[in-house]
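The values are calculated or read from the model by the stated rules, or taken from the named source; none is laboratory data. Computed from a predicted model, the values in this text were never measured in an experiment. Neighbour counts are summed over all protein chains in view; Cβ atoms, including those assigned to glycine, are modelled from backbone coordinates with ideal geometry. Only protein heavy atoms, including side chains, enter the accessible area calculation; ligands, DNA and RNA are left aside. Shrake-Rupley method; radii C 1.70, N 1.55, O 1.52, S 1.80 Å.
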Amino acid sequence: MLGAGRMGLAMLEGWLLSGLDPARVVVCDPAPSARLEELAGQHGLRLNPPLDNLAPVVLVVAVKPQALADALSALPDNIAAAHPLVLSIAAGAPVALFTSILGEVPVVRAMPNTPAAIGKGMTGLYASETVSGAQRALARALLAVLGEVVEVPTEADIDKVTAISGSGPAYVFLLAECLAEAGAALGLDEHTAAQLARRTLIGAAALLEQAEEDPAALRRAVTSPGGTTEAALNVLMADDGGLCPLMRRATAAAEHRARELAGGGENS
């Protein structure tokens, strides 16, 4: 594993939780977090060992996009010579970047999200043409322990996955923040408002996971004609300025940023 920031750590924790043998894991991170050092000590992971004799089967790349080229270029030649499956979660980093530095290695681009740490992740993946069937199955197996996996047919689709599920947990957390703030604005104390918002989102998500109906049907089931929910939804579902148009603009901005990263744009 090259890099182990927040998302990389989430994946690593998910794998360890699923029973992955720690002896098969090597983690390289020049500035390991306290949590990474704790995991390494707890499970006996090899953290920042010499790489000169390694021949990895899988090279998991979880480096920030702006540091990716330097991190790949710093790898010793034996890493690329092992012809590992490159499993990258670096947002916006195209297959061509990996092959330009490491040679014609097989590359799977994946976009998981942070619920992977508790086995509730959603991951989209794209496999380059040089990925074999066995390697595709291996990538899916590694990602499946983190939650559900969906494969997309084109590399450009990964930017769309990033905008929806990769960044999506932050949208949900923001909704919890906004709902709690709205409760406080109505006069509830902050603790009660936060508890109501948090548990409402958790319960609704659990119901959505188990129900056979789609989200629209579940929404309609809560909405009585002329009732309180309808009054709120009239605001949230307004054609101009409602939640759906706002979400379309937000996800379009996320996809655009992912394409900028792929093109080497400035990082903010």
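In the chain, taking the dipole from charged Cβ atoms about the Cα centre, the farthest positive-side position among ALA110, VAL161, VAL57 is held by VAL57. Solvent-accessible area assigned to carbon and sulfur over the range 114-268 amounts to 61 percent, based on a 1.4 Å probe.
Considering only DSSP beta bridges with both partners in the chain, what is the antiparallel share in %, to the nearest 5? Present the calculation step by step, with values, prior to reporting the outcome.
Details: 4 of 20 bridges.
Here the share of antiparallel DSSP bridges comes out near 20 percent.
Normalising the average separation of contacting C-alpha pairs (under 8 angstrom, six or more residues apart) by the number of residues puts the relative contact order of the range 36-122 at 25 percent. Note on the chain: with charges restricted to the Cβ of Lys and Arg (+1) and Asp and Glu (-1), its dipole about the Cα centre is near 220 debye.
For MET237, the solvent-accessible surface computed with a 1.4 Å probe is close to 100 Å², ligands and nucleic acids excluded.
Report, in debye and to the nearest 20, how large the dipole of the range 1-109 comes out about its Cα centre when Lys and Arg carry +1 and Asp and Glu carry -1 on their Cβ. Don't skip to the answer; put the middle values down first.
Details: 6 positive and 9 negative charges, 50 e Å.
For the range 1-109, the charge dipole is close to 240 debye.
Structural descriptor for the range 158-268: relative contact order 28 percent, calculated from alpha carbon pairs under 8 angstrom and at least 6 residues apart. Among LEU47, VAL95, LEU12, which residue has its Cα furthest toward the positive end of the charge dipole of the range 1-139, with +1 on Lys/Arg Cβ and -1 on Asp/Glu Cβ? My answer, from the dipole projection, is LEU12. As a fraction of the 1.4 Å probe accessible area of the range 1-97, surface on carbon and sulfur atoms comes out at 55 percent.
Can you tell me which of GLY14, GLY147, GLY203 moves the most in a GNM of the chain? Springs connect C-alpha atoms under 10 Å apart. Top of the fluctuation ranking is GLY203. For the chain, the 222 nm mean residue ellipticity estimated from helices alone, with every DSSP H stretch of n ≥ 4 adding -39500 (n - 2.57) and the total spread over all residues, rounds to -16000 deg cm²/dmol.
Span-like helix criteria (full DSSP H runs; alpha carbon extent of at least 27 Å along the helix axis; mean Kyte-Doolittle hydropathy of at least 0.0) are satisfied in the chain by 190-210. Largest GNM mean-square fluctuation among ILE158, ILE101, ILE202, using the chain with Cα springs under 10 Å: ILE202. The residues of the chain expose on average 56 square angstrom of accessible surface per residue, using a 1.4 Å probe on protein heavy atoms. For the chain, modelled as a GNM whose springs connect Cα atoms under 10 angstrom apart, the maximal fluctuation among THR223, THR162, THR130 occurs at THR223. Over the chain, Cα pairs under 8 Å with separation of 6+ residues give a relative contact order of 15 percent. Name the longest site-free stretch of the chain, where the excluded sites are GluC sites (Glu not before Pro) in a DSSP loop with no more than 10 other beta-carbon atoms within 10 Å. It works out to 1-128. The modelled label-to-label distance for the pair ASN53/ASP70, using points 7 Å beyond Cα in the direction of Cβ, is 3.0 nm.
Stretching GLU177 away from ARG249 to a fully extended chain increases their span by 23.9 nm, per 0.36 nm per residue minus the current alpha-carbon distance.
Please work out whether the range 37-101 counts as rounded, prolate or oblate from its C-alpha gyration tensor, where a ≥ b ≥ c are the square roots of the eigenvalues and a/c under 1.5 means rounded, while otherwise a/b larger than b/c means prolate and anything else oblate? In terms of gyration-tensor shape, oblate.
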